[in-house]
1. Does any residue in the stretch 121-149 that is farther than 15 Å from Thr67 by Cβ and in contact (Cβ under 8 Å) with a residue 24 or more places away in the chain come within less than 7 Å, Cβ to Cβ, of a residue that is assigned to a helix (DSSP H, G or I) and aromatic (Phe, Trp, Tyr) six or more places away or on a different chain, and which pairs are these?
2. Listed residues Ala47, Ala55, Ala94; which is small (Gly, Ala, Ser), surrounded by 15 or more Cβ atoms within 10 Å (Cβ to Cβ) and more than 18 Å from Lys28 (Cα to Cα)?
3. Taking the condition of being surrounded by 15 or more Cβ atoms within 10 Å (Cβ to Cβ) and either among the polar types (S, T, N, Q) or modelled with pLDDT under 95 (or both), how many residues in the stretch 71-86 meet it?
4. If you take the residues in the stretch 186-201 that are more than 20 Å from Glu140 (Cα to Cα) and assigned to a strand (DSSP E or B), which one is least open to solvent (accessible area, probe 1.4 Å)?
5. If the requirement is being in a helix (DSSP H, G or I) and farther than 23 Å from Trp207 by Cα, which of these qualifies: Glu116, Glu183, Glu159?
6. Mind listing whichever residues of the stretch 116-171 are open to solvent by 50 Å² or more (accessible area, probe 1.4 Å), among the polar types (S, T, N, Q) and within 25 Å of Lys197 (Cα to Cα)?
7. How do the helices (runs of 4 or more DSSP H) wholly within the stretch 1-112 filter down when requiring 1 or more residues that are of a type in the set (Asp, Glu) and under 24 Å from Gly147 (Cα atoms): which remain?
8. Looking only at the stretch 23-44, how many residues end up being open to solvent by less than 60 Å² (accessible area, probe 1.4 Å) and under 16 Å from Thr67 (Cβ atoms)?
Amino acid sequence: MSPAIANGLGLETLESEMRKIALRTAAKFLEETLNADKSDYAGAEVACIFCWAPARYVDRRSKTLTTVLGDITVYRAYYYCHSCGTGWCPKDYALGFGESSLSPGVTRMVGMVAAEEPFMKGSKIFSALTGLPLSAKSMERAAKTLGVAMAADELAWAEEQPNSSDTMYAGVDGTGVPMRPSELDGRPGKQADGTAKTREVKECVVWTADSR
């Protein structure tokens, strides 16, 4: 029997501690790898990504980024455009997190949880499963930002698709969306006590049957 088990530590405790050690080690390696890459410095002057006027290099600035491995500190080249008064770091966009402090992997997980549960409950589930502390407000902000980006992407895709069908079909249905208690005050529901946990939203699907 190992000394840890002999000292009364259960398997769940051992799992938790070993996961923390493994994640810290991996996070440190990821941090060193990202900071070793200084290719985001593109010279003393580059074209502004917002207005295309000349933007000058200022310095390297740090940012705390939450990844699936934990928090890491990333140093990035910072450029500032005097023409439009905007500053940015190319590495932020190259790595896929932009203005957010959440990595793409964490953002994807947040989106999956937020799509199933209210933000308060979802943040607790997320933190319990990943070991990453995330407030309900942070989850709400990330989910809304992700939703806006997804809607814009879907709209752009839909506008590119030609509609050559003579006949189209539409289907409408309703589904319940989890809401905050304050949004459900006084509304009847299907729970045993007559209260509601959701509010209904309508969904509409439009399609063709040409492929048949």
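1. Between residues of the stretch 121-149 that are farther than 15 Å from Thr67 by Cβ and in contact (Cβ under 8 Å) with a residue 24 or more places away in the chain and residues that are assigned to a helix (DSSP H, G or I) and aromatic (Phe, Trp, Tyr), the close pairs are Met139/Phe119; Met139/Phe126; Glu140/Phe119.
2. Ala55
3. 1
4. So in the stretch 186-201, the residues more than 20 Å from Glu140 (Cα to Cα) come out as 186-196.
Subsequent filtering for residues that are assigned to a strand (DSSP E or B) retains 188, 195.
Details: Pro188: 114, Thr195: 59 Å².
Across the stretch 186-201, the extreme among qualifying residues is Thr195.
5. Glu183 is the lone residue from the list that is in a helix (DSSP H, G or I) and farther than 23 Å from Trp207 by Cα.
6. Ser135, Thr145, listed by residue number.
7. Fully inside the stretch 1-112 and qualifying: 90-94.
8. Final tally of qualifying residues: 7.
The values are calculated or read from the model by the stated rules, or taken from the named source; none is laboratory data. On a predicted model such as this, the values are computed, not experimentally measured, just so you know. Reconstructed Cβ throughout: ideal geometry from the backbone, glycine too, with neighbour counts over all protein chains shown. When the accessible area is computed, the model is the full protein with side chains, heavy atoms only, and any ligands, DNA or RNA have been set aside. Shrake-Rupley method; radii C 1.70, N 1.55, O 1.52, S 1.80 Å.
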